[in-house]
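Read through the structure below, which is laid out as structure tokens, and then see the notes.
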Amino acid sequence: MNQPPKPNSFRSGPDEEGRFGIFGGRFVAETLMPLILDLQDEWARAKNDPAFKAELENLGRHYIGRPSPLYFAERLTAELGGAKIYFKREELNHTGSHKINNCIGQILLAKRMGKTRIIAETGAGQHGVASATVAARFGLPCVVYMGATDVERQAPNVFRMKLLGAEVKPVTAGHGTLKDAMNEALRDWVTNVDSTYYLIGTAAGPHPYPEMVRDFQAVIGEEAKQQMLEAEGRLPDLVVAAVGGGSNAIGIFHPFLDDEGVRIVGVEAGGKGLDGDEHCASLTAGSPGVLHGNRTYLLQDGDGQIKEGHSISAGLDYPGIGPEHAWLNDIGRVEYVPIMDHEALEAFQILTRLEGIIPALEPSHALAEVIKRAPKMGKDEIILMNLSGRGDKDIFTVGKILGMGQ
Amino acid sequence: MTARMEQRFADVAAEGRPVLVTYFMGGDPDFDTSLAIMKALQQAGADIIELGVPFSDPMADGPAIQLAGQRALKAGQTLAKTLELARRFRADDQRTPIVLMGYYNPIYIYGVERFLTDALEAGVDGMIVVDLPPEMDDELCIPALAKGISFIRLATPTTDDRRLPKVLENTSGFVYYVSMTGITGSALPDTSLIAGAVARIKAHTSLPVCVGFGVKTADHARAIGATADGVVVGTAIVNQIASSLTEEGRATEATVPGVEALVRGLAAGVRAARLAAAE
Ligand SMILES: Cc1ncc(COP(=O)(O)O)c(C=O)c1O
């Protein structure tokens, strides 16, 4: 494959049509088009509005608990015997993951646009919980679409959403996972365009969502950069994050994209291995196609039908990936690698025992990659990993697999 | 636009009635039955046939058409086989326009140029691709127009006067007015609202305006046909097919005749439409 030419900056996308190279765009039904254009205008105004920025910062500090700490994982580092490992602790945020950063930003936009109802899709339930949380905080009704399979395997989060006053609608179409939940959310949106704001939970979907979600999540990388300079006086050698739709990853990657010495690795869900269909590695094993409003890498068959993926982690169980990642992959700036279910499970246990931190299964994928790489790196090298969420929601799944009973 | 489409609208207009556009899912419940259904639609009085291309993720469709697509995919339907359906129908009928309706990804994966060549060769006259708004015209619309295949656009209640010219700019064949904000198979809104919307669109274009989403009965067809140039019926036909199948989703003896009877009623509805308007 011939590689597209390298741009002067890796941070200038998307263009006005919402494209990152050939990826991105606005592939939506006409009914939604006027709304998406409105959103784009509102977002353009809001991001240059000092009052909007101030409100975002204020809520970030006092409601989410930002800045999240940068933590040197001393025992893990010693155990692996190589590079120094730092975690950006997004799992300490209110609601337990990075998802809240985006939700606060988008609900402020929804308010500005005069919308009176929030809908969201969720896989692991982290985005659903974050959406239900901000909806409660701002007094708006909230409907969360969640695949029926995920409703089962992420039961604690379903309960939390309900307590927060959201209506959780299980989706049985397809395999009942994140992709199907997103289809159903889009059907709701197209029906209730006037009143409803669709709070997309990852850096995917039609323009301007991938850009907007990235900008709301970029606070992760901006803080981490500053904190790393304070802790070590220099930038990390390697930045690692797990990639589902790609929001926590693009959030930590983006501020480092133009720093030449920083290697960047995104970790996809390798599931049970890339040989069969039981994985969610859209970049490593998929091909470009069009789904959910954007062109990106997808798991699909020769007829363009989208395949259901598999991952032990509901939050990575999506057959696509945000368009900016597709572009960063093709242009060679970021390397994407798969991690298998069992490797993530092992990493989950290592972190829990060595550092007393129970990670979510999603960042456990990133951690498994860190565990592979750190021993091969020098003791003077530095790894920064996005610890995107805590594992409370996963303890029953993991306990069951490990035969711990309940 | 193809000569066939133009001729059909002219002929029907000369009869003083709206056109009846019928949608069904290619390959539902299997290839052979759906070819028989396609022929039955024409024989029962459909003027234009919308041939659905199944897609795994039909984001603008309600449960009925979602399930039809799943049945078709399970029976092995592909875009190539849907083009084959068109080709087989066209071998016996050179006059009824065929419009493919579906989502972009199967076409993108097939390859746009190859698709347009094969579609033209199969006797396809137009296409409706739900997830390609005017902002994405370079993808398929412009290449299709260059080949002489109509690109039929959806206009919706959210398409205001400011946006309408953009939506109509590269539209050809006819304009498909979606009667509501919603998915296929929803309830039909007040027909007087629809009449107003049709009038608004006609003020911007000389193309025929057909109305769809929610049209289920001969009475609906008659009421909407009183002001629109055509009515589109989809979910009612798909439901008729579904209700005739075995529990495993296989065709029965009732499948094709059931569709034929339904469409005969709808055809009578559009034939009564202008009489209704004149009352
Ligand atoms: C903790 C956590 N990390 C990562 C993800 C994956 O999403 P994204 O790739 O958008 O960060 C999820 C999704 O639910 C999550 O809950």
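Each reported figure results from applying straightforward, stated rules to the coordinates on display, with no laboratory input. Fair warning: this is a prediction, and the values are worked out from it, not measured in the lab. Using ideal geometry, Cβ is built from the backbone for each residue, glycine included, and neighbour counts are taken over all protein chains shown.
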Going by how many other Cβ atoms sit within 10 Å of their own, how do B:216, A:111, A:53 line up, fewest first?
A:53, A:111, B:216
Based on Cβ point charges of +1 for Lys and Arg and -1 for Asp and Glu, what charge dipole magnitude is obtained for segment A:57-189 about its Cα centre, in debye rounded to the nearest 20?
460 debye
Counting DSSP beta bridges with both ends in chain A, the antiparallel % (nearest 5):
35 percent
Which aspartates and glutamates, if any, have their Cα less than 16 Å from the Cα of residue B:39, not counting same-chain residues under 8 positions apart?
B:28, B:30, B:47, B:50, B:84, B:92, B:93, B:253, B:260
Residue-by-residue Karplus 3J(HN,Hα) for segment B:233-249, coefficients 6.51, -1.76, 1.60, Hz, glycine and proline x:
10, x, 4, 4, 5, 4, 5, 4, 4, 4, 5, 8, 7, 6, 4, 7, x
Just the projected area, averaged over all directions, of the convex hull on the alpha carbon atoms of segment A:15-147: how many nm²?
11.5 nm²
Cα-based Rg and Dmax for segment B:127-230, where Dmax is the largest Cα-Cα distance (Å):
13.5, 40
For segment A:236-244, in order, what is each residue's ³J(HN,Hα) by Karplus, 6.51 cos²θ - 1.76 cosθ + 1.60 with θ = phi - 60°, in whole Hz (x at glycine and Pro)?
x, 8, 9, 10, 10, 8, 7, 10, x
When all Cα-Cα pair distances of segment A:265-343 are considered, the percent exceeding 22 Å is 16 percent
What is the Cα coordinate range of segment B:3-272 on the first, second and third principal axes, sorted by size from largest, in whole angstrom?
48, 41, 32
Whole percent per 5 Å bin, from 0 to the bin with the longest distance: what is P(r) over all C-alpha pairs of segment B:97-183?
3, 14, 27, 27, 16, 9, 4, 0
Förster radius 25 Å - calculated FRET efficiency between residue A:15 and residue B:112 (Cβ-Cβ, nearest 0.05)
0.75
Under a Cβ-Cβ cut-off of 11 Å, what is the net charge of the residues other than residue A:172 that fall near it, where Lys and Arg count +1 and Asp and Glu count -1?
-1
Cα-based convex hull, chain A, per residue volume (Å³, whole number)
136 Å³
Amide H neighbours of residue B:177 at under 5 Å, excluding residues fewer than 5 places away on the same chain, with H built from the backbone geometry, are B:155, B:210, B:211, B:212
In peptide B:98-111, what is the residue-averaged number of other protein chain Cβ atoms found within 10 Å of each Cβ?
4
State to the nearest 20 debye the size of the charge dipole of chain A about its Cα centre, where the only charges are +1 on K and R beta carbons and -1 on D and E beta carbons.
860 debye
Which of the peptides B:48-58, B:12-22, B:175-185 is most tightly packed, and how do the rest follow, going by the mean number of other Cβ atoms within 10 Å of each residue?
B:48-58, B:175-185, B:12-22
Out of B:98, B:33, B:122 - ranked by how far each Cα lies towards the positive end of the dipole of segment B:3-272, with unit charges on the beta-carbon of charged residues - the top one is B:98
Provide the FRET efficiency to the nearest 0.05 for the residue A:222-residue A:8 pair, computing r from the beta carbons and using R0 = 25 Å.
0.75
Expressed as a whole number, the average count of other chain Cβ atoms within 10 Å around the Cβ atoms of A:290-299 is 3
For the protein assembly as shown, percent of DSSP beta bridges that are antiparallel (nearest 5) comes out at 20 percent
Extent along principal axes [Cα atoms of the protein assembly as shown; Å; largest to smallest]
85, 50, 50
Give the distance, in whole Å, between the Cα centre of segment A:1-68 and the Cα centre of segment A:250-311.
20 Å
Please arrange A:94, A:62 by counting, for each residue, the other beta carbons lying within 10 Å of its beta carbon, fewest first.
A:62, A:94
Return the average number of partner chain Cβ atoms within 10 angstrom of each residue Cβ along peptide B:172-181.
2
The ³J(HN,Hα) series, computed from each phi in segment B:69-75 with the Karplus coefficients 6.51, -1.76 and 1.60 at θ = phi - 60°, rounded to the nearest Hz and given as x for glycine or proline, is x, 5, 4, 5, 5, 5, 7
In whole angstrom, largest first, the equivalent ellipsoid semi-axes that the Cα gyration tensor gives for segment A:252-406 are 26, 22, 12
What share of all Cα pairs of segment A:77-153, in percent, falls into each consecutive 5 Å distance bin?
3, 14, 21, 18, 14, 9, 7, 6, 4, 3, 1
Pair residue A:353, residue A:63: separation of 7 Å Cα→Cβ label points (nm)
4.1 nm
Toy charge model, Lys and Arg Cβ at +1, Asp and Glu Cβ at -1: the protein assembly as shown dipole around Cα centroid in debye, rounded to 20, equals 920 debye
Suppose the Debye formula is applied to equal point scatterers at every Cα of segment A:185-328; what is log10 I(q)/I(0) at q = 0.15 Å⁻¹?
-0.80
Which is farthest toward the positive dipole end of chain A among A:157, A:245, A:310, measuring Cα position about the Cα centre, with Cβ charges +1 (Lys, Arg) and -1 (Asp, Glu)?
A:157
Pick out, from B:214, B:261, A:70, the residue whose Cα sits farthest towards the positive end of the charge dipole of the protein assembly as shown, with +1 on the Cβ of Lys and Arg and -1 on the Cβ of Asp and Glu.
B:214
Residues of segment A:242-259 with backbone nitrogen within less than 13 Å of a virtual label 7 Å along the Cα-to-Cβ line of residue A:331, please, listed as ranges.
A:254-259
So, R0 is 35 Å and r is the distance between the beta-carbons of residue B:87 and residue A:275; what FRET efficiency does that work out to, to 0.05?
0.40
